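This report refers to the structure that appears directly beneath it.
Read-outs throughout are calculated quantities, based only on the coordinates presented, and are distinct from any laboratory measurement. From a predicted model like this one, the values you see are computed outputs, not experimental measurements. Neighbour counts are summed over all protein chains in view; Cβ atoms, including those assigned to glycine, are modelled from backbone coordinates with ideal geometry.
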Amino acid sequence: MKIAIKNGRVIDSANHLDKITDIAIDAGKILHVGPLPANFHPTKIIDAKNKWVLPGFIDVCCRPQMQHPHGSILHEEALAALKRGITSLCIPPDGEPIVDSSANALRLIQQGSLDLPHLYPMGALTTQLAGDAIADLTALANNGCIAFTNAQKPITDLRMLRYCYDYAASFDLLIVIQPQDAWLANSGIAHEGLMATRLGLPGIPETAETIAVAEHLLLIEQCNVRAHFTCLSSQHALQQIAHAKAQGLKVSADAAMHSLHLTEMDIATFDANCHLYPPLRRVSDRAALVQGFASGALDAICSDHRPLDSIAKLAPFGDTIPGLSAVDTFFSLGLHLVKEKQLALEHLIAAITSRPAEIFNIPGGTLSLGARADICIIDPDTYWVVQEEKLFSKGKNTPFKRWELPGIVTHTLVNGNLVHER
Amino acid sequence: MYQTSPQLDKNNRLRHLLTIDGLTREHIVEILDKAEGFFIPKSGQIIQTDTLQGKTIANLFFEPSTRTRSTFQLAAQNLSASVLNLNISHSSTSKGESLRDTVLNLQAMQCQLFVIRHGSSGAAHFVAQQVNPFVAVINAGDGCHAHPTQALLDMFTIRKHRGDFQKLRVAIVGDILHSRVARSQIHALQLMRAGEIRAIGPKTLLPAHLEQLGVKVFHDLSQGLQGVDVIMMLRLQTERMQKGLLPKGNSYYRLYGLTSETLAMANPNALIIHPGPVNRGVEIQSDIADSPNAVILDQVTNGIAIRMAVMSLLMENRLS
């Protein structure tokens, strides 16, 4: 199918491109960027006047499975992501079943289809994420796993962790780390600060993150393994990452989109939708995370999407399941920061397209000639109010209810196929 | 995003009593004055009224309690309300949905006022979100968060015995980390403009950034008690404590127990209050707990009047 996208503002951070022009798509690939060639006869023309034409977004941490027994299936969540412009999902292995075998990796990939975003499983670093035996990493890699992580089950035995990193380094595999010291985090629920003190909630100190980052960085250096830190929440952790990068370690990092907006102040009335993991931290941490893209400490932004059914949040704050439904607000929240001049547009686009593609070696995130035609088209000036019924995700657990946000995704293309049109 | 207080109505009147945090001095004084009105002058007897005749109050206790539950019950009976007592042991499976269902069922049984105690911080806020506009909620202790009626009865007791708060130095001693009482006391003392508020305990039993609540922090009991007028003792909340916060043995009493020696550091006739239950020989020397300046039993009586005041106020605000 030949598609032409005309008159849009085409932004491609990988090629430092930002201009109003046309794109020609043929056989699932980008054929041409610029005024349409005379001999190109599209079967469909999309008028993108006053719109932005961007590479489809890559979400580097997304759990499209519902986390409750009677929840939705992956298909609906992936579709929700698609309608918000996300064309690639990197999925941590801690779903059901745990992706610690080739069979389970294939099972996940086979749930994908041509009209869904690309599904990229991350493999479990250890069998059953139990932290006591290395999973068959190369077999997982050969069956589609793009990275390896113990997700939210930190490995407490550092000797075991070292073996994992040495083994992964032998085959140049990417490690993903969500840093949290299990002992310091213990049974904590909220950032250990003034708000947790006021609310009488057990605290998770910042050191639960920074000590874990330090530990991992030392092992990354020793084992010379490639590593990506995900869902960082504190200013000090960012400083550690920046220092490691300056030393030449092969590390990258992301923060979750919500952590660029929310802080510990948002839990003041025990809103269970703000019960998140890692916890919302200080006002100064939020500011540092937003600045992390200009400074280079942060590379990517993930959604940390975790849809939950309505029961999961119907309890006193600490008794609820942590997590938020995030794909619906993902890009709009980023654009909100751009419109408020907190975040540069090129940093936002790079953090959700080209940088994730480079880090995870995903063929997308760019509009280069010959690249896979994963594209989304945005109306950046239309605002919408976040309400349950407006969410495509089955998870209504968003802390952003009643926020008025800019940005509507009008078209999404995956492999050159128009899979969403509004 | 800005959110209005879940316990005040649009006219800033108390709709529920969930926490002292966010109330005004006027709210507190209104309750203290109302409680005072329930005492027959000079005799110290509490009156009985028919204010809440025909109303049903549900005492919903997910944690064991003797004093608080009994005084809520007596308070309700003094106001001629019917009382439904439910003691529900908090098993790990009795999570949110069952709490919500319990509350909705009681609401269907036409209970107009819920008194709730629960092991999770924020439980009373959660219940207040679930009930219909005709039901009021009183927090009788949620996790480590708040115990507002206890703080109010403490303020009542201090005002009765010592008067003007601005002249008072008040020390709160012990396990503040796990204490919902201390948190509510600190907010109440701030609102009553207490001269100085001190917190005394080892760092392992003090929550982070306590000083940002306007509290002077001490780790040495003798230093902390120097020149204070009111001593609020707390119980070690061993049921909420994690292992390793304190050494084994009697070091806590040695360092933080209120004894004749340490009491001598305070101002003469310093008032001693304690939310109970008192652990004699653990946080306080036994005879000090029985001394004339220890008004621990008076607190219990005052608790009835305070709870009558809160209950009748919430029901008045609900109707008007």
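Details
- Efficiency of FRET between residue A:295 and residue A:133 - r from beta-carbon atoms, R0 41 angstrom, step 0.05: 0.60
- Chain A: calculated mean residue ellipticity at 222 nm from DSSP helix runs of at least 4, using -39500 (n - 2.57): -8000 deg cm²/dmol
- Two-site label geometry, residue A:162 and residue A:310: point separation in nm, points 7 Å out along Cα→Cβ: 5.3
- If you take the Cα centroid of region A:109-130 and the Cα centroid of region A:44-104, the two points sit 11 Å apart.
- For residue A:281, residues with placed amide H under 5 Å, excluding near neighbours: A:264
- Exposure proxy ranking for A:265, B:315, based on other Cβ atoms within 10 angstrom of each Cβ and starting from the fewest, stands as A:265, B:315.
- Per-residue shielding of A:259-269, expressed as the average number of other chain Cβ atoms within 10 Å of the residue Cβ, stands at 2.
- For region B:189-204 and region B:121-148, distance of Cα centres in Å: 25
- Hz values of 3J(HN,Hα) by residue in region A:242-257 - Karplus curve (6.51, -1.76, 1.60), Gly and Pro given as x: 4, 5, 5, 5, 5, 6, x, 5, 8, 10, 9, 7, 9, 10, 7, 3
- A DSSP coil position with no more than 14 other Cβ atoms inside 10 Å describes none of the trypsin sites (Lys or Arg not before Pro) in region A:267-297.
- Once backbone amide H atoms are built at 1.01 Å from N, residue A:100 has A:124 as its partners under 5 Å, excluding neighbours fewer than 5 places away on the same chain.
- Computed over chain A with a Gaussian network model linking Cα atoms closer than 10 Å, the most mobile of A:160, A:66, A:122 is A:160.
- 3J(HN,Hα) from dihedral phi, region B:236-243, Karplus parametrisation 6.51/-1.76/1.60, rounded to Hz, x for glycine, proline: 5, 8, 4, 5, 9, 7, 8, 5
- Ordering A:233, B:85, A:180 by Cα displacement along the dipole of the protein assembly as shown toward the positive end leaves B:85 in first place; charges were set at the Cβ atoms of Lys, Arg (+1) and Asp, Glu (-1).
- Entries in A:83/A:390; A:83/A:394; A:19/A:51; A:44/A:390; A:83/A:396 that, when Cα-Cα distance is taken, lie over 18 Å: A:44/A:390
- Sequence-distant lysines (8 or more away, or on other chains) whose Cα lies within less than 25 Å of residue B:42: B:34, B:160
- Computed over the Cα atoms of region A:220-348, the ratio of the radius of gyration to the Kirkwood radius (Rg/Rh) comes to 1.00.
- Degrees, to the nearest 10: A:283-295 long Cα axis against longest axis of chain A: 50
- With the convex hull constructed from alpha-carbon coordinates only, region A:55-360 shows a mean projected area of 14.3 nm² over all directions.
- Charge dipole (region A:1-111, unit charges on Cβ, about Cα centre) - positive-most of A:4, A:15, A:86: A:4
- Longest exposed-site-free window of chain B, the sites being trypsin sites (Lys or Arg not before Pro) in a DSSP loop that have at most 13 other C-beta atoms within 10 Å: B:43-192
- Note on the protein assembly as shown: Rg/Rh from Cα positions, Kirkwood definition for Rh, rounded to two decimals, is 1.05.
- The residues B:288, B:231, when put in order of fewest to most other Cβ atoms within 10 Å, stand as B:288, B:231.
- For the protein assembly as shown, taking a cut-off of 4.7 Å between Cβ atoms, the unpaired cysteines are A:62, A:90, A:145, A:164, A:223, A:231, A:274, A:376, B:111, B:144.
- Two-decimal log10 I(q)/I(0) for chain B, as the Debye equation yields it once each C-alpha is a single scatterer, q = 0.12 Å⁻¹: -0.80
- J(HN,Hα) series, region A:258-270, from Karplus relation 6.51 cos²θ - 1.76 cosθ + 1.60, nearest Hz, glycine and proline x: 5, 6, 7, 10, 9, 9, 4, 4, 6, 8, 3, 9, 6
- Of B:260, B:207, B:289, farthest towards positive along the dipole that unit charges on Lys, Arg, Asp, Glu beta carbons give region B:137-293: B:207
- DSSP-defined antiparallel bridges as percent of all bridges, the protein assembly as shown, nearest 5: 35
- Bridge type composition, chain A - antiparallel percent by DSSP, nearest 5: 50
- Over chain A, relative contact order from alpha-carbon pairs under 8 Å, at least 6 apart, %: 20
- Total charge dipole magnitude, the protein assembly as shown, about the Cα centre, Cβ charges on Lys, Arg, Asp, Glu only, Debye to nearest 20: 1120
- For residue B:167, the lysines whose Cα comes closer than 19 Å to its Cα, not counting residues fewer than 8 places off in the same chain, are B:216.
- Residues residue B:87 and residue B:109, FRET efficiency given R0 of 22 Å [Cβ-Cβ distance, rounded to 0.05]: 0.85
- Over all orientations, region A:140-279 has a Cα convex hull whose mean projected area works out to 8.9 square nanometres.
- Other protein chain Cβ atoms within 10 Å, averaged over every residue that makes up B:204-215: 3
- About the centre of its Cα atoms, chain B shows a dipole size close to 240 debye [charges on the beta carbon of Lys, Arg (+1) and Asp, Glu (-1) only; nearest 20 debye].
- Loop-located chymotrypsin sites (Phe, Trp or Tyr not before Pro) across region B:129-218 with a Cβ neighbour count of 11 or fewer within 10 Å are B:134, with loop assigned by DSSP.
- Panel values: region B:148-295, Kirkwood radius from alpha carbon pairs, Stokes-Einstein at 4 °C and 1.567 mPa s, translational diffusion coefficient 86 µm²/s.
- Gap separating the Cα centres of region B:242-320 and region A:269-319, nearest whole Å: 39
- GNM remark for chain A: springs join alpha carbons under 10 Å apart, and the peak mean-square fluctuation among A:197, A:207, A:353 falls on A:197.
- Annotation: for a label point projected 7 angstrom from Cα along Cα→Cβ of residue A:239, residues of region A:212-226 with backbone N closer than 16 Å are A:212-215.
- Partner shielding of B:126-133 amounts to 2, given as the average count of beta-carbon atoms from other chains within 10 Å of each residue beta-carbon.
- Site pair residue A:340 and residue A:170 shows an inter-label distance of 4.9 nm when each label is modelled 7 Å from Cα along Cα→Cβ.
- Fewest-first ordering of A:270, A:57 by other beta carbons within 10 Å of each residue's beta carbon gives A:270, A:57.
- Cross-link partners of residue A:29 among aspartates and glutamates (Cα-Cα below 17 Å; sequence separation of 8 or more within a chain): A:12, A:115, A:374
- Sorted from greatest to least, the principal axis extents spanned by the alpha carbons of region B:58-214 come out as 48, 36, 28 Å.
- Assigned charges on the beta-carbon of Lys, Arg, Asp, Glu; region B:148-295 dipole about Cα centre (debye): 320
- Chymotrypsin sites (Phe, Trp or Tyr not before Pro) lying in DSSP loop within region A:171-250, provided at most 16 other Cβ fall within 10 Å: A:171
- Counting only alpha carbon atoms, the long axis of helix A:207-223 and the longest principal axis of chain A meet at about 70°.
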